[in-house]
Amino acid sequence: MSGIRVLVAGASIAGPALAHWLRRRGAEVTVVERAPELRPGGQAVDARGVAKEVIGRMGLDAAVRAACTDTAGAHTVDADGRVLETFSVDDYGGDGFIADIEILRGDLSRVLYDDTRDGVEYVFGDRIAGLTQDADGVDVVFASGDRRRFDLAVGADGLHSSLRALVFGPHERFLRHLGHVLAFYSVPNEFGLDRWLLEHQDQASGRSALLRPIQDATRAMAMFYFASADFDVDHRDVEAQKALLRERMTGLGWLTEDILAHLDDTPDFYLDQVAQVVMDRWSSGRVGLLGDSAFSSSPMSGQGTGLALVGAYLLAGELAAAGWDPAVGFARYEARMRSFVEANQEIGRLNARSRDVPGPDAGPGPDFTGEWFAELVGRAIDGVELPDYAGVPDSGVPAKP
């Protein structure tokens, strides 16, 4: 072990993925999570291109694939359920609209937690309440009253990162609302779903409803999108969020009313704005950011999980290669990731624009048929190098399976 002590905030995907690589590079890792336990369910997340390579280097390909949703493809349908368009999991070598690695956020979180829990300290039901740093370390005060000192701290605590707010400033400075709101929750599979996702879109109102299969065939995951120029509902006020969803989805048709009928008894409701995080820098002194905390590309990109997994690999590798010098390690991590992040954020913005409500003053929507878009997608899926970090300590499985 290097003796380097690293605190990671957040135990969803980015945090445990970073813990995996930090531990393998020799660090002593503590992960703090404000929730009392791992959060189950959540939307389906994907791994494409270079992110699949990272999963392989982690030695987790079999475990991740065993927990996948096993979705065969997707149908877009009209209000009467007639199929308008079909997408297969085999499209683009498994890197298309439906990826061959597609897994519920909570299931991937569990795989990463199970992989790291024996070598990483997890603290649930607590959070960072205060932080100060000097040239040699970071002093942290937890909400529980505990006080500890670390060599480095990393915020991997999502779109509304508390650590980012403490160190870099208020959320409003970095959040970029993309004009849409997303909600999802699990429902009984009374709709006959069998490995195929169904989506109904009403472009005139900027709304859509979606049902997707999950591993538990008795359940399904429901998802709603609606256009909203602004968003002022507190991200922790669940009752206000449910009321907003009911109000905005009334009259959409298709299976919407049947899906909304389960809103009050679902165990895993989530609603938030579709937003990106845009920052000039992802570090300050001995504190860095990873995943949605640093560079959320929004669900419209389909690449948030890929960014988190790739970022975790590069951040741990660059810090270790720099001898744990934060100025050098954080800078090299950002240099490697920045273009990759920007490509994915551009795709997120384009997809959000394609769902905008048409109006008399609206310009033409994005044209996804040009060579420029194929090149952009290529950069967003595979546009980052994964060094082998030869000579950097690695106590885990071989760097390449």
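The values are calculated or read from the model by the stated rules, or taken from the named source; none is laboratory data. All figures in this text were calculated on a predicted structure; none of them were measured in a lab. Reconstructed Cβ throughout: ideal geometry from the backbone, glycine too, with neighbour counts over all protein chains shown. With ligands, DNA and RNA removed, areas are computed over all heavy atoms of the protein, side chains included. Shrake-Rupley method; radii C 1.70, N 1.55, O 1.52, S 1.80 Å.
Brief remarks on what is shown
- Checked against the criterion of being more than 16 Å from the chain's Cα centre (by Cα) and within 30 Å of Ser284 (Cβ to Cβ), the candidates Leu166, Leu193 yield just one match: Leu166.
- For the range 18-32, a residue qualifies if it is over 16 Å from Asp115 (Cβ atoms) and either among the basic types (Lys, Arg) or not in a loop (DSSP other than H, G, I, E, B) (or both), and the qualifying residues are Glu28, Thr30, Val32.
- Any hit, the range 296-307, residues being among the aliphatic types (A, V, I, L, M), assigned to a helix (DSSP H, G or I) and open to solvent by less than 10 Å² (accessible area, probe 1.4 Å): yes
- Considering only residues in the range 308-333 that are among the hydrophobic types (A, V, I, L, M, F, W, C) and without any contact (Cβ under 8 Å) to a residue 60 or more places away in the chain, the one that is surrounded by the fewest Cβ atoms within 10 Å (Cβ to Cβ) turns out to be Ala327.
- The number of residues in the range 143-174 being surrounded by fewer than 18 Cβ atoms within 10 Å (Cβ to Cβ) and in a strand (DSSP E or B) comes to 3.
- Among the residues of the range 27-44, at least one is among the hydrophobic types (A, V, I, L, M, F, W, C), touching a strand residue (DSSP E or B) at 6+ places or on another chain (Cβ under 6 Å) and farther than 20 Å from Ala320 by Cβ.
- Every listed requirement among (1) surrounded by 13 or more Cβ atoms within 10 Å (Cβ to Cβ); (2) more than 22 Å from Ser12 (Cβ to Cβ); (3) of a type in the set (A, V, I, L, M) is met by Ala380 save one, (2).
- Tally of residues being farther than 19 Å from Gln303 by Cβ, in contact with a Leu (Cβ under 9 Å, 6 or more places away or on another chain) and not small (Gly, Ala, Ser) across the range 22-60: 8
- Odd one out for Gln276, checked against (1) assigned to a helix (DSSP H, G or I); (2) touching a Lys or Arg at 6+ places or on another chain (Cβ under 9 Å); (3) polar (S, T, N, Q): (1)
- The residues in the range 27-40 that are in contact with a Lys or Arg (Cβ under 6 Å, 6 or more places away or on another chain) and surrounded by 20 or more Cβ atoms within 10 Å (Cβ to Cβ) can be counted, and the count is 1.
- Test: residue in the range 262-277 that is without any contact (Cβ under 8 Å) to a residue 40 or more places away in the chain and open to solvent by less than 40 Å² (accessible area, probe 1.4 Å): no
- Residue in the range 337-353 that is assigned to a loop (DSSP other than H, G, I, E, B), open to solvent by 60 Å² or more (accessible area, probe 1.4 Å) and under 30 Å from Ser205 (Cβ atoms) present: no
- Filtered residues of the range 238-255 (kept if assigned to a loop (DSSP other than H, G, I, E, B) and open to solvent by 80 Å² or more (accessible area, probe 1.4 Å)): Thr250
- Against the conditions (1) at pLDDT 95 or above; (2) farther than 27 Å from Leu159 by Cβ; (3) polar (S, T, N, Q), Ser2 satisfies every one except (1).
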